[in-house]
Amino acid sequence: MNPRWTDWAGKRVWIVGASSGIGAALAQALLARGARVAVSARRAGALAAVIDGHPCGLVAPMDARVPSDWVTAHDALCQAWGAVDMIVFCAADYRPLRPWEIDAAEASNTIETNLSSVYYGLAAVLPAMMSRRGGSLVMLASVAGYLGLPNATIYGPTKAAMINLAELLYAELHPHGIGVYLVNPGFVSTRLTARNDFTMPALQTTEEAAASILSGLARGRFEIAFPSRFTSVMRLLSMLPYRLRLSLLQRLMNSS
């Protein structure tokens, strides 16, 4: 369904949300494969540690919640590289909470980080990709977007929206030569999931997550979901009739 990414030598990849977690691990894996990698987030020091002086790495600090930051960073990368071959939307925020714990300011920040920032990025990068009829978008969503899960009151809906967005982007952009890849991880050990106070099934390391993403890109997959032993169950649950699905979710929430 998409171009297959197997030879990374010289490829120009921009990862937004790369100061830690999956984004950082993916940046390091791509640098090891010969790609040119730009890493963006708000913490310049953390970004520099990810690149660790690698000659093919660039640090491009920015706030993904600020539209003008996307334009400035994209223009700088195009000036340095000529163009960007792949953009990975990896910025995310998460805090476990129930509906009655919603805080308006926190909800706004999470939605801006997880979802609005993607639109700001698309506005900045798509004109150039459309003009040259090439490039790829990698959207890091989550299996939390498959169905309503406990504690994911704000996070889950933003990831469900990203799944929907990735589907329509593929339909609209594939005829223009632009690849769209949807990444739906299960539980990955990061500073965000460390906030959970429950046992996370099939928990993976960030390095394992990066390897799964690269494997999916090599096969040209539209959806890259991992680990399959967990994501396949979640996908199956999302297909149940509402009467069964909501009953199961209610039991899950009452037990957590």
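The values are calculated or read from the model by the stated rules, or taken from the named source; none is laboratory data. No experiment lies behind these values; they were computed from the predicted model shown. Positions of Cβ are backbone-derived with ideal geometry, glycine not excepted, and every protein chain shown enters the neighbour counts. We work out accessible area using only protein heavy atoms, side chains counted, and drop any ligands, DNA or RNA first. Shrake-Rupley method; radii C 1.70, N 1.55, O 1.52, S 1.80 Å.
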- Task: Would you be able to say whether some residue in the range 191-201 is closer than 24 Å to Val13 by Cβ, at pLDDT 95 or above and surrounded by fewer than 18 Cβ atoms within 10 Å (Cβ to Cβ)?
- Result: no
- Message: Going by what's in this entry, would Ala210 be described as at pLDDT 95 or above and either over 22 Å from the mean Cα position of the chain (by Cα) or open to solvent by less than 30 Å² (accessible area, probe 1.4 Å) (or both)?
- Response: yes
- Message: Can you pull out every residue in the range 11-29 that is part of a loop (DSSP other than H, G, I, E, B) and under 16 Å from Gly134 (Cα atoms)?
- Response: Lys11
- Output for the range 152-207, where each listed residue is in a helix (DSSP H, G or I), more than 15 Å from Phe222 (Cβ to Cβ), under 13 Å from the mean Cα position of the chain (by Cα) and not small (Gly, Ala, Ser): Tyr155, Thr158, Lys159, Thr206
- Being surrounded by 13 or more Cβ atoms within 10 Å (Cβ to Cβ) and either in contact (Cβ under 8 Å) with a residue 12 or more places away in the chain or part of a helix (DSSP H, G or I) (or both) narrows it down to one of Arg229, Arg251, Arg221, Arg243, so name that one. Arg221
- Query: So how many residues does the range 21-33 have that are open to solvent by 40 Å² or more (accessible area, probe 1.4 Å) and within 19 Å of the chain's Cα centre (by Cα)?
  - Reply: 1
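Just give me the residues in the range 136-147 being over 16 Å from Val118 (Cα atoms) and under 17 Å from the mean Cα position of the chain (by Cα), in sequence order.
Going through the range 136-147, the residues over 16 Å from Val118 (Cα atoms) turn out to be 143-144, 146-147.
Val143, Ala144, Tyr146, listed by residue number.
Test Thr158 against the stated conditions and say whether it is out of contact with any strand residue (DSSP E or B) (no Cβ under 6 Å at 6 or more places or on another chain) and surrounded by fewer than 21 Cβ atoms within 10 Å (Cβ to Cβ).
Considered against the rule, which asks whether it is out of contact with any strand residue (DSSP E or B) (no Cβ under 6 Å at 6 or more places or on another chain) and surrounded by fewer than 21 Cβ atoms within 10 Å (Cβ to Cβ), Thr158 comes out as no.
Considering each of Tyr170, Tyr119, Tyr155 in turn, give the residue that is more than 26 Å from Pro99 (Cα to Cα) and not hydrophobic (A, V, I, L, M, F, W, C). Spell out how you get there, then give the answer.
Details: Tyr119 fails: more than 26 Å from Pro99 (Cα to Cα); Tyr155 fails: more than 26 Å from Pro99 (Cα to Cα).
So the residue among Tyr170, Tyr119, Tyr155 that is more than 26 Å from Pro99 (Cα to Cα) and not hydrophobic (A, V, I, L, M, F, W, C) is Tyr170.
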- Message: Looking for something assigned to a strand (DSSP E or B) and open to solvent by less than 10 Å² (accessible area, probe 1.4 Å) - is there at least one such residue anywhere in the range 121-137?
- Response: yes
- Item | Residue list for the range 211-231, filter: out of contact with any strand residue (DSSP E or B) (no Cβ under 8 Å at 6 or more places or on another chain) and more than 22 Å from Thr6 (Cβ to Cβ) | Arg229, Phe230
- Of (1) open to solvent by 30 Å² or more (accessible area, probe 1.4 Å); (2) in contact (Cβ under 8 Å) with a residue 24 or more places away in the chain, Leu147 satisfies every one except (1)
